[in-house]
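For reference, the structure discussed in these notes is given below.
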Amino acid sequence: MDKDTENYVFILTIVFIVSAVFIIRIYINYLLDIPLHYDEAQYWGWSKEFSWGYFSKPPLLAWAINLTTKICGNTELCIRSLSPFFHTITTLTIIFATYLYLRKRFLAFLAGFLYLIMPGVTYSSLIASTDIPLLFFSALVLIIMVLFYKKSLNKNLLFIALGITLGLGFLAKYAVLYLTIGILISSAFNEFSRNIFLNKKIVISLLIFISIIFPNILWNYNNGFVTFQHTLSNANYKGLQVNIIEALTFVTSQIIIFGVFPMIFIVYNTFSSVKLDNLQKCFLFLFLFPLFLISLLAVFSKANANWAVIGYPFGCVFIATLLSNKNYYKISFLIFNQALFSIVLVLFLISLPINGLDPFSKIRNIKDLADIVRYEIENKNLTAFVSDDRKDYAHMLYYLKDIKVDRAKYNSSHKINDHYDLTTNLKNINGSRVLFLTRTKPTEEIIMESETISILKKVVYDLGKKKKQYNFYIIRNWNPE
């Protein structure tokens with residue numbers, strides 16, 4: 001078999017495998033039929049109103065959902081199809097980047113496959129989140145760095161591509177700054193990174209980056225920088241209160257998400273005497289830097305498990321660079337264990353719900369709740385729907401999207417705490433007969449502004465370890481001041 005034929009067979013094999021995994025993940029989404037998470041419902045709501053920014057996130061995911069729903073509709077399956085799609089093209093990008101660097105087909109496949117069946121990616125394929133486009137742009141940076149290293153493309157074009165990629169990555173999720181800062185820091189001890197950041201042509205990248213992100217910065221300026229305030233609030237910083245348990249929990253989550261044996265393999269080789277070239281050192285640093293940064297944050301604050309995922313594509317490629325086609329045992333061991341963990345995860349999710357272990361227990365009741373709200377609005381001829389909880393309001397917006405009724409979120413604090421505090425106004429609703437959904441009870445303010453308030457019903461859902469209660473009130477002639 002000649003080289004061209006081998007390349008052709010390799011490409012067909014890769015396309016077949018990633019396509020098969022894509023189809024399987026779409027089918028698993030269909031099979032599980034999980035209601036949208038409240039964040040997903042919120043992203044869907046954002047997608048219906050074009051903007052350069054939203055309360056807690058930059059706009060790219062909402063734009064992608066808008067395009068997707070125009071193609072296949074507003075179903076949960078259609079919205080979530082974005083996730084396996086992005087993971088598929090990210091996998092192909094990682095494979096291409098690895099092949100450009102190593103010129104070894106099997107190792108390129110290994111890097112891509114480690115990403116494709118990563119436990120975190122398998123789970124992420126069930127959820128539409130801002131991480132999915134972020135990881136794609138992280139993989140594109142991989143390719144650009146390899147091309148810089150190989151000097152196989154005009155530098156002007158590469159600096160243009162870098163600016164575009166980082167700019168779009170910023171519009172996907174602000175965590176792209178971890179990558180930018182990581183490359184900048186690595187330039188202090190890595191000649192390759194230094195040759196990029198100290199090159200006068202980096203100004204090209206910087207100007208393109210600024211021009212792409214400027215509309216989002218302007219949107220934030222016009223809205224009191226609510227996105228950045230939300231990000232700081234999410235960190236939940238409370239001063240120098242050391243919490244080692246939180247940091248250990250975060251580190252453990254990274255081992256589970258990335259894969260136990262791939263993580264052990266990287267850590268072992270980090271402290272071994274293996275000689276690394278400048279690009280390998282850069283890949284290793286860009287994998288470890290977000291993990292170190294968020295682990296440090298976790299010592300003093302809150303840290304979500306997905307905050308360091310931007311470095312994962314670099315970790316997958318780094319593993320491939322440490323092996324050769326002759327390391328059959330190590331390669332087979334890594335692939336087998338990564339696949340095993342992914343399969344076990346899928347089988348576990350398919351077997352749900354299991355009391356106490358169901359990660360979707362908090363949202364399984366949402367469709368039933370929406371049916372109750374729908375029934376009460378239609379049968380009692382109500383004029384408006386109001387909820388005081390962001391999660392419930394987002395869910396009801398999605399699952400009651402076909403009901404023509406005024407809607408608004410009640411904000412008892414009168415501070416901008418979420419997107420709906422920013423975009424809805426009680427004064428715009430017809431308050432003659434309002435269905436008010438709350439997990440507590442009407443405030444004194446509501447009582448003062450209304451003619452009558454009466455309890456309609458209480459609905460309680462058993463979530464296993466705890467219960468969730470929803471209270472339905474009918475408010476007549478509500479006139480917010």
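The values are calculated or read from the model by the stated rules, or taken from the named source; none is laboratory data. Every value quoted in this text rests on a predicted model; they were computed, and no experiment measured them. Positions of Cβ are backbone-derived with ideal geometry, glycine not excepted, and every protein chain shown enters the neighbour counts. Just the protein is used for accessible areas: all its heavy atoms, side chains included, with ligands, DNA and RNA removed. Shrake-Rupley method; radii C 1.70, N 1.55, O 1.52, S 1.80 Å.
Out of all the residues in region 101-114, is one or more open to solvent by less than 10 Å² (accessible area, probe 1.4 Å) and either touching a His at 6+ places or on another chain (Cβ under 6 Å) or over 22 Å from residue 278 (Cα atoms) (or both)? For region 101-114, residues open to solvent by less than 10 Å² (accessible area, probe 1.4 Å) and either touching a His at 6+ places or on another chain (Cβ under 6 Å) or over 22 Å from residue 278 (Cα atoms) (or both): present. Looking only at residues in region 458-478 that are among the charged types (D, E, K, R) and at pLDDT 95 or above, the one that is least open to solvent (accessible area, probe 1.4 Å) is 476. In the set (1) more than 16 Å from the chain's Cα centre (by Cα); (2) at pLDDT 95 or above; (3) more than 20 Å from residue 347 (Cα to Cα), the condition left unmet by residue 27 is number (3). For region 193-213, the count of residues that are at pLDDT below 95, under 22 Å from the mean Cα position of the chain (by Cα) and of a type in the set (Gly, Ala, Ser) is zero.
Annotation note: Cβ proximity below 7 Å between a residue of region 178-201 that is within 18 Å of residue 312 (Cα to Cα) and a residue that is acidic (Asp, Glu) and open to solvent by 80 Å² or more (accessible area, probe 1.4 Å) (sequence gap 6+ or interchain) occurs for no pair.
Of the set (1) within 23 Å of residue 138 (Cβ to Cβ); (2) open to solvent by less than 40 Å² (accessible area, probe 1.4 Å), all apply to residue 78 but (1).
Taking the criterion of being of a type in the set (Phe, Trp, Tyr), under 30 Å from residue 145 (Cα atoms) and assigned to a loop (DSSP other than H, G, I, E, B), would at least one residue in region 59-70 satisfy it? There is no residue in region 59-70 that is of a type in the set (Phe, Trp, Tyr), under 30 Å from residue 145 (Cα atoms) and assigned to a loop (DSSP other than H, G, I, E, B).
Would you check if there is a residue in region 90-104 being charged (D, E, K, R) and modelled with pLDDT of 95 or more? No; the residues of region 90-104 include none that is charged (D, E, K, R) and modelled with pLDDT of 95 or more.
Residues in region 421-445 that are touching a Phe, Trp or Tyr at 6+ places or on another chain (Cβ under 7 Å), free of Cβ contacts under 8 Å to residues at least 60 places away in the same chain and assigned to a helix (DSSP H, G or I): 426 only.
When 354, 331, 335 are checked against the criterion of being among the β-branched types (Val, Ile, Thr) and farther than 30 Å from residue 102 by Cβ, a single residue qualifies: 354. Look at region 61-81: where a residue is free of Cβ contacts under 8 Å to residues at least 24 places away in the same chain and more than 17 Å from residue 134 (Cα to Cα) and a partner is open to solvent by 30 Å² or more (accessible area, probe 1.4 Å) and part of a helix (DSSP H, G or I), sitting 6+ places away or on another chain with Cβ atoms under 9 Å, you get 68/85; 78/71; 78/72. Considering region 258-289, the residues that are open to solvent by less than 40 Å² (accessible area, probe 1.4 Å) and closer than 17 Å to residue 307 by Cα include one that is nearest to the chain's Cα centre (by Cα), namely 258. The one condition from (1) within 22 Å of residue 54 (Cα to Cα); (2) more than 24 Å from the chain's Cα centre (by Cα) that residue 151 does not meet is (1). Among the residues that make up region 360-368, is at least one of them surrounded by 13 or more Cβ atoms within 10 Å (Cβ to Cβ) and touching a strand residue (DSSP E or B) at 6+ places or on another chain (Cβ under 7 Å)? Checking region 360-368: at least one residue is surrounded by 13 or more Cβ atoms within 10 Å (Cβ to Cβ) and touching a strand residue (DSSP E or B) at 6+ places or on another chain (Cβ under 7 Å).
Sub-8 Å Cβ pairs linking a first residue in region 372-399 that is closer than 19 Å to residue 56 by Cβ and of a type in the set (Asp, Glu) to a second residue that is open to solvent by 30 Å² or more (accessible area, probe 1.4 Å) and assigned to a helix (DSSP H, G or I), at least 6 apart or interchain, are 392/38, ordered by first then second residue.
Against the list (1) out of contact with any strand residue (DSSP E or B) (no Cβ under 8 Å at 6 or more places or on another chain); (2) of a type in the set (Lys, Arg); (3) open to solvent by 70 Å² or more (accessible area, probe 1.4 Å), the condition residue 374 fails is (3).
Within the option set 55, 22, 10, being in contact (Cβ under 8 Å) with a residue 60 or more places away in the chain, touching a His at 6+ places or on another chain (Cβ under 6 Å) and either more than 30 Å from residue 224 (Cβ to Cβ) or assigned to a loop (DSSP other than H, G, I, E, B) (or both) holds for one residue only, 55.
Within region 299-309, identify whether any single residue is of a type in the set (A, V, I, L, M, F, W, C), surrounded by 20 or more Cβ atoms within 10 Å (Cβ to Cβ) and closer than 18 Å to residue 338 by Cβ, and answer yes or no. Yes, that holds for at least one residue.
Among the residues here, residue 178 does not qualify as open to solvent by 80 Å² or more (accessible area, probe 1.4 Å), modelled with pLDDT of 90 or more and assigned to a helix (DSSP H, G or I). The criterion of being modelled with pLDDT of 95 or more and under 21 Å from residue 379 (Cβ atoms) holds for residue 433.
When region 163-175 is filtered for residues that are open to solvent by less than 20 Å² (accessible area, probe 1.4 Å) and farther than 10 Å from residue 137 by Cα, the ones remaining, listed by number, are 163, 171, 175. Filtering region 321-334 to residues that are closer than 18 Å to residue 255 by Cβ and crowded, with 17+ Cβ neighbours inside 10 Å leaves only 334.
Conditions tested, residue by residue: (1) charged (D, E, K, R); (2) within 29 Å of the chain's Cα centre (by Cα).
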{"site": "366", "(1), (2)": "no, yes"}
{"site": "393", "(1), (2)": "no, yes"}
{"site": "398", "(1), (2)": "no, yes"}
{"site": "406", "(1), (2)": "yes, no"}
{"site": "429", "(1), (2)": "no, no"}
{"site": "432", "(1), (2)": "no, no"}
{"site": "475", "(1), (2)": "no, no"}
